[in-house]
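A.B. asks: Sharing a structure with you now.
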Amino acid sequence: MRSERRILVGEFGRPHGVRGLVTLRAFTADPEALGEYGPLSDESGTRRFALELLPNGLARVEGVADRDAAARLTGTKLFVERDALPPTEEDEFYLADLVGLDAFGPDGRPLGRVAAVEDFGAGAFLTLRGEGGERDVPFTRACVPEVSLEARRLVVVLPDEGAEPPGGPEAPDGVGEGGS
């Protein structure tokens, strides 16, 4: 039986050339692994895409033969069934596996539940939803020192939201004094 959980693994970019090639942005550790998962689907799960991966982040999509058809795919997010992904090693997990876990502070105080995991290029963060509303927390070892999928919980050390960046409030981009 296949899982109803689908994992975002990539996104179509702009067309490349006139013969229907598209740029492909992979969200996997190994971009070439996208070709091993079988057909990918769009967010609704209604459209399926068979890909031939090409060098330099390009792909040929079955049934797409010209630039106009490739352009219509721009921005389409690509998903795969969770069951199609390889199993994880001990102490490893997929970020999507964190959604739904209960979050607790180091003192055991409940902080909410992981509502989403996002990564816009600067590193993943968790969106915690609890009594106080939503809060985003960087997904770093310092902020999330413990994850237990078996117990369906994680420990979160909330960053000090009022802290000054290193070097004082006027330091650009968090660069401290003496930095180069």
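A.B. asks: Return a whole-number percent for the relative contact order of the chain, with Cα pairs under 8 Å and 6 or more residues apart as the contact set.
C.D. replies: That works out to 16 percent.
A.B. asks: Note down the nm distance, to one decimal, between modelled labels 7 Å out along Cα→Cβ at Asp66 and at Arg5.
C.D. replies: 4.3 nm
A.B. asks: Normalized C-alpha radius of gyration of region 45-93, against 2.2 N^0.38 Å?
C.D. replies: That ratio works out to 1.50.
A.B. asks: Among Glu81, Glu36, Glu90, what is the fewest-to-most ranking by other Cβ atoms within 10 Å?
C.D. replies: Fewest-to-most Cβ neighbours within 10 Å comes out as Glu90, Glu36, Glu81.
A.B. asks: Report, in debye and to the nearest 20, how large the dipole of the chain comes out about its Cα centre when Lys and Arg carry +1 and Asp and Glu carry -1 on their Cβ.
C.D. replies: 940 debye
A.B. asks: Can you tell me how the chain classifies by the Cα gyration tensor, rounded, prolate or oblate, using a/c under 1.5 as the rounded cut?
C.D. replies: Because a/c hits 1.5 or more and a/b fails to exceed b/c, the chain counts as oblate.
A.B. asks: Give the shape of region 50-135 as rounded, prolate or oblate, defined through the alpha-carbon gyration tensor: a ≥ b ≥ c are the square roots of its eigenvalues, a/c under 1.5 means rounded, and otherwise the shape is prolate if a/b is larger than b/c and oblate if not.
C.D. replies: The shape class here is prolate.
A.B. asks: Which whole-number percentage describes the relative contact order of region 6-84, with Cα contacts under 8 Å and a sequence gap of 6 or more?
C.D. replies: Relative CO of region 6-84 lands at 46 percent.
A.B. asks: Taking neighbour Cβ counts within 10 Å as the exposure measure, how do Ser41, Ser148 sort from fewest upward?
C.D. replies: With the fewest neighbours first, Ser41, Ser148 line up as Ser148, Ser41.
A.B. asks: Using amide H atoms built in the peptide plane, which far-off residues or other-chain residues are under 5 Å from Glu146 H to H?
C.D. replies: HN-HN under 5 Å from Glu146: Val155.
A.B. asks: While we're here: Kindly provide the helix-only [θ] at 222 nm of the chain, computed as the sum of -39,500 (n - 2.57) over DSSP H runs of four or more divided by all residues, to the nearest 500 deg cm²/dmol?
C.D. replies: That comes out to -500 deg cm²/dmol.
Rule-based calculations on the coordinates, nothing more; no lab input. This is a predicted model, so every value here is computed, not measured. Please note: Cβ atoms are built from the backbone with ideal geometry, for glycine as well, and neighbour counts cover all protein chains shown.
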